[in-house]
1. Could you check region 149-184 and list, in sequence order, the residues that are closer than 16 Å to Phe89 by Cα, in contact (Cβ under 8 Å) with a residue 60 or more places away in the chain and not in a helix (DSSP H, G or I)?
2. Tell me the strands (runs of 3 or more DSSP E) entirely within region 19-127 that contain at least 2 residues that are more than 16 Å from the chain's Cα centre (by Cα) and surrounded by fewer than 20 Cβ atoms within 10 Å (Cβ to Cβ).
3. Evaluate the following for Leu191: is it near ligand 2 (Cβ under 10 Å from one of its atoms) and open to solvent by less than 20 Å² (accessible area, probe 1.4 Å)?
4. Here is a list: Phe89, Phe121. Which entry is at pLDDT 95 or above, more than 16 Å from ligand 2 (Cβ to nearest atom) and not charged (D, E, K, R)?
5. Hey, could you check region 37-62 for residues that are within 11 Å of ligand 1 (Cβ to nearest atom) and without any contact (Cβ under 8 Å) to a residue 12 or more places away in the chain and say which is nearest to Ala109 (Cα to Cα)?
6. Pairs please, first residue from region 1-30 and near ligand 1 (Cβ under 6 Å from one of its atoms) and modelled with pLDDT of 95 or more, second anywhere and open to solvent by less than 10 Å² (accessible area, probe 1.4 Å) and aromatic (Phe, Trp, Tyr), Cβ atoms under 9 Å, 6+ apart in sequence or on different chains.
7. From the list Asn294, Asn270, Asn279, which residue is under 18 Å from the mean Cα position of the chain (by Cα) and among the polar types (S, T, N, Q)?
8. Does Val156 satisfy the criteria of being open to solvent by 20 Å² or more (accessible area, probe 1.4 Å) and within 29 Å of Pro311 (Cβ to Cβ)?
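The values are calculated or read from the model by the stated rules, or taken from the named source; none is laboratory data. No experiment lies behind these values; they were computed from the predicted model shown. No Cβ is skipped: glycine too gets one built from the backbone with ideal geometry, and neighbour counts run over all protein chains shown. What goes into the accessible areas is simple: the full protein's heavy atoms, side chains included, and nothing from ligands, DNA or RNA. Shrake-Rupley method; radii C 1.70, N 1.55, O 1.52, S 1.80 Å.
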Amino acid sequence: MAKAALITGITGQDGYHLAEFLHGKGYEVYGIIRGQHNPKRARVEQEQPFVKLLEADITDTSSLIRAIETARPDEFYNLAAISHVGYSFKVPQLVADVTGKGVLNALEAIRLTGGEKTIRFYQASTSEMFGGLDYNRPGKGYDETALFHPRSPYGVAKLYGHWITKNYRESYGMHASCGILFNHEGERRGLEFVTRKISNAVARIHLGKQDHIELGNLDAKRDWGYAGDYVVGMWLMLQQDQPDDYVLATGETHTIGEFLDLAFKEVGINDWKPYVKQNPAFMRPAEVDILLGNPAKAEAKLGWRRKVDFPGMVKLMVQHDIGLESATSLD
Ligand code: NAP
Ligand code: GDD
């Protein structure tokens, strides 16, 4: 019989890639969609008609219980979050409820439906929990043993989600694993994140639809991988006999300036400086200056390998956005 998976955050970047991947593996895929009229519903229905959408909200445990009773999942992937770090400074209490306590709601819903021994649980933890301050591991990068020091309401909420997942594993014997994922991007990335904001602006500048882009801090460094590679790691974690926590990362770190270099070169522009303006509105009250991950454990134990490299990912994103922007009329 086909396995069933229930995904929260189905309308997000990772939800899209994970649904594709699990469908390809023969899973029955259920996705939780929130809101009385979610504008992303039509996109999922059109592009991924195999996904069975269930209306629920991560802040409403009763709705999660009903979703679990309908889907009867073998695997529960909790991707739902308010995931934008900058925005989390604007709505910190909401982020605590959704990104933090939402994880507890999901775990409790599993227990209350009697699924703690049968449903495998994935929690979307993040490199933002490390915060970059204790960056004292030159050449090694953050691994599963590194110290946490979150630098945003988002990072703090995620750290709660991380520890409550570990606590339910230890307390109730749940097969609950946390993927500590470093930044992963791609053609499905939201336009509010820096890589997609750049790839989309570069495409529009190339097509004469825009003349510049406004950004915040250009010096921050991130360990950027491709989202399609990372959802494979999520699945691998839930196929192991024992639950555990794993870092997924590339082991390379690049500045936003380096991303700009490659993106603009893709459309034949060698000097991006005339096209980029700095705007303090995009700066954060506290910044994570550098993130570099060490995926050695995931590589050794899961056999996980990322396939797309940094230049390949930038190229893929810019080319995708040129296609997208060419297909829409001048605005
Ligand atoms: P994303 O594109 O921002 O998607 C977030 C998803 O959460 C959306 O489907 C959103 O639904 C849903 N959501 C928000 N509030 C909700 C609520 N109250 N109830 C139910 N669903 C809700 O994020 P992503 O990039 O796919 O990331 C997936 C997960 O991995 C997130 O938890 C993120 O924090 C984490 N993560 C991401 C990265 C990365 O680099 N992408 C790295 C580490 C960890 P709507 O569409 O309705 O808003
Ligand atoms: N979003 C954004 N917009 N970021 C900008 C901008 C801008 O205009 N200008 C500079 N930046 C800088 C940010 O200050 C940050 O240092 C870096 O670009 C990356 O920002 P984001 O793309 O918003 O991602 P993030 O690293 O803060 O968070 C993402 O990765 C985390 C994993 O490390 C999100 O996907 C999180 O949900 C995820 O947990």
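1. Across region 149-184, the qualifying residues are Arg151, Ser152.
2. In region 19-127, the matching strands (runs of 3 or more DSSP E) lie at 52-55.
3. no
4. Sole residue among the options that is at pLDDT 95 or above, more than 16 Å from ligand 2 (Cβ to nearest atom) and not charged (D, E, K, R): Phe121.
5. Once the filter is applied, the top-ranked residue is His37.
6. Thr8/Phe76; Thr8/Tyr77; Gly9/Tyr77; Asp14/Tyr77; Asp14/Tyr230; Gly15/Tyr77
7. Numbers: Asn270 fails: under 18 Å from the mean Cα position of the chain (by Cα); Asn279 fails: under 18 Å from the mean Cα position of the chain (by Cα).
It is Asn294.
8. So Val156 does not fit the description; no.
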